[in-house]
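Scroll down for the structure; my scribbles are underneath it.
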Amino acid sequence: MDFVVIQSLNGLATASTLFLVASGLSIIFGVTRVVNFAHGSFYMLGAYIAYTLVSRLGGSVAGFWGSIALAAAAVASLGAAMETTLLRRVYKAPELLQLLATFGVVLIVQDLVLVIWGPSDLLGPRAPGLAGAVNILGQPFPQYALFLILFGPLVYAGLWLLFHRTRWGTLVRAATQDREMVAALGVNQAWLFTSVFTLGAALAGMGGALQLPLVAVNHTMDLQSIVEAFVVVVIGGFGSVTGALLAAVIIGELNAFGIVIFPDLTLVLTFVAMAIILVVRPWGLLGKPEAAVRGGAGSIELPMRPLAPRLRLFALGVGLVLLALPLVLGNYGLSVASEVLIFALFAVSLHFIMGTGGMISFGHAAYFGLGAYGAALLMKYLMFPMLGGILFAPVVAGLGALVFGWFCVRLSGVYLAMLTLAFAQITYAIVFQWYGFTGGDNGLIGIWPAAWASSATAYYYLCLALCGGAALLLRRIAFAPFGYTLRACRDSGLRADAIGIDLATHRWLGFALGGAFAGIAGALYAFLKGSVFPDTISISTSIDGLVMVLLGGIQTLVGPIVGAATYKTLHVTMSSYTNQWQAVLGVIIIVLVIAFPEGIMGRFARTAEARTARAGDAAP
Amino acid sequence: MLEVSGLNSFYGRAHILSDVALSAAAGEVVALIGRNGAGKSTTLKSLVGLVADRRGRIVFSGRDISRLSVHEIVRLGLGYVPEDRRIFTELTVEENLDVGTQAPRSGVPHWTRARLFELFPNLAEMRRRPAGRMSGGEQQMLTIARSLMGNPALIMLDEPSEGLAPRIVEDMGRAILAMKGEGLSVLISEQNLHFAKMISDRAYIIEKGRIRFDGTMQALAADEAVRDAYLAV
């Protein structure tokens, strides 16, 4: 009994921090409709800035609490700066590109933190006055955790009063429902957005700063906290502060008890809970269906077209250049080229789900990883030859996508994205924690290609043949009746439904197909590297895929290939010039999003479209 | 009060309005009449700045507003009530009014909650009720009251009688005439000729994005040919 009480108190203390971060994220999304990936970076910056301030101001009561408050204020002003300089330029861009822009900020902050504070973990002081423990049922319980348990609800009460007792709060709630109408009543949206973003950043910064006495400040806090915050917000319902509180308590308690009962499965537990809740309540506990949102960036998508003859010729030229590449490139160059090809297929398969199928996936790495691990495990345990592994990889990945997809395709928009992320994290957690079978974070090594494919040139041609063939096949499917149906489901679910199309089944099969093709890429990747590690399934692989697709432009089928080539080439070139390549990449991503809100190829497509339109007008 | 000329609006490449010209004087009720899809809503949305791609001259209270953003236009005293009401269903009646509140403006009627509750007595009885739990007619009254809280000099109502029971339509007509009585200019878009006749001084007929008739309500009532050509279904 004592144990249950203590553990549930521990859970509540965790819940308070989760709530601080998640409520900020939720409020920001509610009003601006931006899913702010950089929210975890705000959290991390809060912790680092508080660390520096405490070491300057000292660990006295005034010094410590003053540092926490100042850190929150500093992060708030960084948030305001980010909103006014970056987000204002991209509010009109499609939702996903906004996300990409905020991810650019994540990359920049990661490198900045490394440069300013260095790579090692930093230990902050205990909270003065709260450093001891109190006796609860005969067990010592840290005072600081008790403080956190009280602080969370206090912040909730403060937010409630702010939202229900001030005109600003009324405006925020109104804008959460219909921001265009709020503008049509004379409210300056720009000001409202900035203030909301600043508040959200302050909450995240405070959440991070308050971690100082609990954990060592480190540079992985950002992605870790953003994923947790996403889970909480998705479970609670985007835009709902009360939902965030509820969900934070659920996740906090689940962690507190899960770590005791299933110590190996804590990561899985959280995401299983999220998956179950989303299947029962697709918009979270207190969320509202997304479709009702108004005043968003409603861009009219150009239909996908088969390539114009001139472009076909160009594609043929590119194909010839790729064939001739081994004549010019050495072994290193060829292995880079093979990697580009593999990621191009990965991006094309993700694009099939997102562009053709209209389903945003944040967890495509799951299928890449299933393919990679599938091929590697078959080789390791059943002595499969390389080609057998590559052949079976899409089956493994496709089966995984069938199972996960069954849940995912029932949702839409951000919730769908989050559920795909959840499944990817579950896969990651299983692979990471199942040492006996997958080798855990030691990975699987010695996954080399067959003798005939072991030279860089041979493996390059294998990649070119398989990736090129797979990409052409996916392209063919996009222009087959199945592809048309998928696009119909994407563009107007209601109408597709009304003409008798089984939406869920088509989306489900489309999702699984995309997953299967990612599996091929995964298997090729495993044999290219000679090894597989859990990071093939990590969030950053999923995000790499997203960046490639969005960079290339989601409306064209060539986009993902151009995006993958651009991204991978930038990545490889820059990491050989500078240690801060992530930051440079972040800046490039942001610049590209601002300059090409439709993606690189999307921009070309629109220019071409305008040219044809003008020509059509001129010659009636 | 409002002078519009050469207004052209586009949704993407679709050309919706062609050279629309209209005007409204102080204290005048003007009706923009046309069939479904004729361009009535687009005209009102263009005037308040909700259509991004609009070209032409829009002068309101002596200022060219054709390049201003929505909130700037509304703050100059041009109120807008959308066709589909768009009340904030989660907010109470009073909170909906708060969202619309702007500072008083000299030379135009100043509205307070109390005065609006006189004009729309139904709303007074449900001030704390979430607006989502009101009838369609009550929501329509609320959306007008909400825009009046901004103390507009001219209020644009997009099809205010649409979907309302006949008795509520009469209430609506009385409310509009009361606003006119306060010295407000009113620009309404309507399909319902009968309702327009009841309240308007002048009328424009719009069809396929062009103004086809411009005259007093009496002139329109007398002109059977125009009515047959542009309004008969």
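The values are calculated or read from the model by the stated rules, or taken from the named source; none is laboratory data. Since we're looking at a predicted model, the values are computed, not measured. Heads up, the Cβs are rebuilt from the backbone with ideal geometry, glycines too, and the neighbour counts pull from every protein chain shown. Ligands, DNA and RNA are excluded from the accessible area calculation, which covers all protein heavy atoms including side chains. Shrake-Rupley method; radii C 1.70, N 1.55, O 1.52, S 1.80 Å.
Data overview
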| read-out | value |
| --- | --- |
| Cut-off 20 Å (backbone N to label point 7 Å along Cα→Cβ of B:R127), residues of the stretch B:142-161 | B:142-151 |
| Length-normalised contact order for chain A - Cα pairs under 8 Å, 6+ apart - percent | 20 percent |
| For the stretch A:267-278, Karplus couplings with θ = phi - 60° (6.51, -1.76, 1.60), whole Hz, Gly/Pro x | 4, 5, 3, 4, 6, 5, 4, 5, 4, 5, 5, 5 |
| Angle between chain A longest axis and helix A:221-236 axis [Cα atoms, degrees, rounded to 10] | 90 degrees |
| Solvent accessible area, Å² - A:Y91, 1.4 Å probe, full protein context | 30 Å² |
| Interchain or long-range residues, amide H under 5 Å from B:D53's placed H | B:F10 |
| Stretchable slack from A:A308 to A:A133, in nm (0.36 nm times residue separation minus alpha-carbon distance) | 55.7 nm |
| Coarse-grained scattering of the stretch A:2-222 at q = 0.13 Å⁻¹, given as base-10 log I(q)/I(0) from a Debye sum over alpha-carbon atoms | -0.78 |
| Inter-label distance for A:A498 and A:S195, nm, one decimal - labels placed 7 Å from Cα along Cα-to-Cβ | 4.1 nm |
| Amide H within-cut-off set for B:L32, under 5 Å, with H built and near neighbours excluded | B:I188, B:S189, B:E190, B:Y204 |
| Å² of accessible area per residue within the stretch B:122-185, as computed with a 1.4 Å probe and no ligands counted | 37 Å² |
| Threshold 30 Å², the stretch A:185-226 residues less accessible with all protein chains present than alone (1.4 Å probe) | A:L185, A:G186, A:N188 |
| ³J(HN,Hα) computed for each position of the stretch B:103-115 - Karplus, 6.51 cos²θ - 1.76 cosθ + 1.60, integer Hz, glycine/proline x | 4, x, 10, 6, x, 10, x, 9, 9, 10, 3, 4, 5 |
| Extension reserve of the A:L161-A:A324 stretch, reckoned as 0.36 nm per residue once the Cα distance is removed | 51.9 nm |
| Accessible area of chain A divided out per residue, in Å², using a probe of 1.4 angstrom | 40 Å² |
| Heavy-atom accessible surface of the stretch A:2-222: percent carbon and sulfur, 1.4 Å | 68 percent |
| With every protein chain in place, the stretch B:2-230: carbon and sulfur % of accessible area (1.4 Å) | 47 percent |
| Separation between Cα centres of the stretch A:167-244 and the stretch A:404-482, rounded to whole Å | 33 Å |
| Convex hull volume per residue in cubic angstrom - Cα atoms of the stretch A:385-494 | 147 Å³ |
| For B:Y80, distant residues with modelled amide H under 5 Å away | B:M156 |
| The stretch A:34-44 - phi-based ³J(HN,Hα) in whole Hz, Karplus 6.51/-1.76/1.60, Gly and Pro as x | 9, 7, 8, 4, 6, 4, x, 5, 4, 4, 5 |
| A/B buried area, accessible surface, summed, 1.4 Å probe, Å² | 2100 Å² |
| Gaussian network model of chain B, springs between alpha carbon atoms under 10 Å - residue of B:P109, B:P82, B:P166 with greatest fluctuation | B:P166 |
| Debye intensity ratio I(q)/I(0), log10, the stretch B:2-230, q values 0.07, 0.12 Å⁻¹ (C-alpha model) | -0.21, -0.62 |
| 37 °C / 0.692 mPa s Stokes-Einstein diffusion coefficient of chain A, Kirkwood radius on C-alpha pairs, µm²/s | 129 µm²/s |
| Selected from A:Y43, B:A145, B:V70, residue furthest toward positive end of dipole (the protein assembly as shown; charges at beta carbon) | B:V70 |
| Spatially close lysines, pair count over the protein assembly as shown: Cα under 26 Å, gap of eight or more or interchain | 13 |
| The stretch A:2-222, relative contact order [Cα under 8 Å, separation at least 6], % | 45 percent |
| Solvent-accessible area, 1.4 Å probe, carbon plus sulfur percent, for the stretch A:436-500 | 65 percent |
